[in-house]
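These notes concern the structure reproduced below.
Just so it is clear, none of the values below were taken in a lab; they were calculated from the coordinates. Keep in mind it's a predicted model, so treat the numbers as computed, not measured. Positions of Cβ are backbone-derived with ideal geometry, glycine not excepted, and every protein chain shown enters the neighbour counts.
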Amino acid sequence: MSDKVQIFDTTLRDGEQVPGCKLVTEEKIIIAKKLEKLGVDVIEAGFPISSPGDFNSVVEISKAVTEPTICALTRAVEKDIDCAGEALKYAKRGRIHTGLATSEMHREYKLRMTAEQVIEKTTMCVSHAKKYVEDVEFYAEDAGRTDNEYLAKVCQAAINAGATVLNIPDTTGYCMPDQYGEKIKYLLENVNGIHKATISTHCHNDLGLATANSIYGAINGARQIECTINGIGERAGNTALEEVVMIMKQQNHLDLHTDINTKLLNETSKLVSEMMQMPVQPNKAIVGDNAFAHSSGIHQDGVIKHRENYEIINPADVGVDHSAIILTARSGRAAVAYRAKLLGYEPTKNELNNIYDEFLIVADTLKEVDDELLLKLLKA
């Protein structure tokens, strides 16, 4: 089994379902081109049947982007699939992503279908999509809450009909990492011919476990992770692309890797945040403003002496210029001396002691001491 994990980016489809994050086609093309430079393997460009705008976006992204596979979402409905096939006609590599719900709850309360009818529908939608593209991804919505034995039967029907990718979504963010990993493992062991296809994770973050579940899925054999920039998505969001990519990069013992150019993560994050008007929380892993910022004196001293004391990621690896030493009332002498040196001052030990006493008085009244204030203290 290959140790490369494909990155399926659904920022422009699942990510755009966040209220207030609607993009026009021209904006989607800008983000799609950035995703191409980032190195994603698949771009889910939209849900063509949902609106003329989404249809047009899939068409135009297919024309504008060369390297990634362009994917279009559908329901298990023939007219949806026909629409997606038409939208993808300009794609260099097109994929139709079709499927339906499989959990007992969704079958009873949403689909109003029997277990047998869902399997029949699975065969229909995959077979119909194969008329348009060779690369067909089947999603088993709410797979996280679907009984594994039944889920295997659905996946078997999809494989038999020609599915090249099996998406096993934790649609409601319900699973624990060990449960989700076991689900992937079970399918690999109980669906005939599944090794001819790629198993994909698609995890939501309702319990804050999307990243962990995706990684456990990959550890147990999934070779595609569906994710979004900054983890945006419906409700609590999707798996964050930057998180799973950096976990695989940093945790060498997993023997997993991607083709993502991690040095572009920070600028891609900022582009998506700006265009979708979705601020990134400061303490967000990898791309938050505080991800490489230190204000505690103990941490500052440790980072100044040796960055890896408190940073397991080199900021440059994700496109951040440097770590930030933030001066607050919690900062120590080492941090003040460090920032002073950046401003061209190297006070003696006695001078530093005097400056530090004054610094603490100022810092106790402010959230942060900036360079302008520090300069005044240094010149006093």
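For the reader, a short list of remarks on this structure follows.
- Electrostatic bookkeeping for residue 16 treats Lys and Arg as +1 and Asp and Glu as -1; over the other residues with beta carbon under 13 Å from its beta carbon, the sum is -3.
- Net lengthening on full extension, residue 78/residue 379 (0.36 nm per residue, minus Cα-Cα): 100.9 nm
- A prolate overall shape is assigned to the range 243-364, the ratio a/c of its alpha-carbon gyration tensor axes (a ≥ b ≥ c) being 1.5 or greater and a/b exceeding b/c.
- Relative counts (whole %) of C-alpha pair distances in the range 58-208, using bins that are 10 Å wide: 12, 41, 34, 12, 0
- Here's the list of lysines a cross-link from residue 37 could span, going by alpha-carbon distance under 16 Å and ignoring same-chain residues fewer than 8 apart: 28, 63, 263, 270.
- From helices alone, the chain scores -12500 deg cm²/dmol at 222 nm; the rule is -39500 (n - 2.57) for each run of n ≥ 4 DSSP H residues, then divide by the residue total.
- Overall, the range 293-379 carries a charge dipole of about 200 debye about its Cα centre when +1 sits on the Cβ of Lys and Arg and -1 on the Cβ of Asp and Glu, all other atoms neutral.
- C-alpha long axis of helix 210-219 to longest principal axis of the chain, angle in °: 70
- Under 17 Å of direct C-alpha separation, and excluding same-chain neighbours fewer than eight residues apart, residue 349 reaches these aspartates and glutamates: 301, 357, 358.
- Contour minus Cα-Cα distance for residue 342 and residue 105 (0.36 nm per residue): 79.3 nm
- Percent of C-alpha pairs per 5 Å bin, the range 96-177, short to long: 3, 18, 29, 25, 16, 8, 2, 0
- Ordering 122-134, 272-284 by mean Cβ neighbour count within 10 Å, with the highest value first, yields 122-134, 272-284.
- Against the main long axis of the alpha-carbon atoms of the chain, helix 177-190 sits at an angle near 30°.
- Hydrodynamic radius (Kirkwood) for the range 293-379, which is based on Cα pairs only, to one decimal in Å: 13.3
- Extension gain, residue 131 to residue 371: 0.36 nm times the residue separation minus the Cα-Cα distance gives 80.0 nm.
- For the peptides 139-149, 194-204, the ranking by packing is 194-204, 139-149, with the highest mean count of neighbouring Cβ atoms within 10 Å listed first.
- Shown is the FRET efficiency for residue 357 and residue 305, computed with R0 = 30 Å from the Cβ-Cβ distance and rounded to the nearest 0.05: 0.80.
- In the distance distribution for the range 13-85, Cα-Cα pairs more than 17 Å apart total 39 percent.
- Shape call, the range 49-121: gyration tensor on alpha carbons, a/c limit 1.5: prolate
- Between 0 and 90°, nearest 10: helix 349-363 axis offset from the chain longest Cα axis: 60
- Using all pairs of distinct alpha-carbon atoms, the Kirkwood hydrodynamic radius of the range 334-380 works out to 10.6 angstrom.
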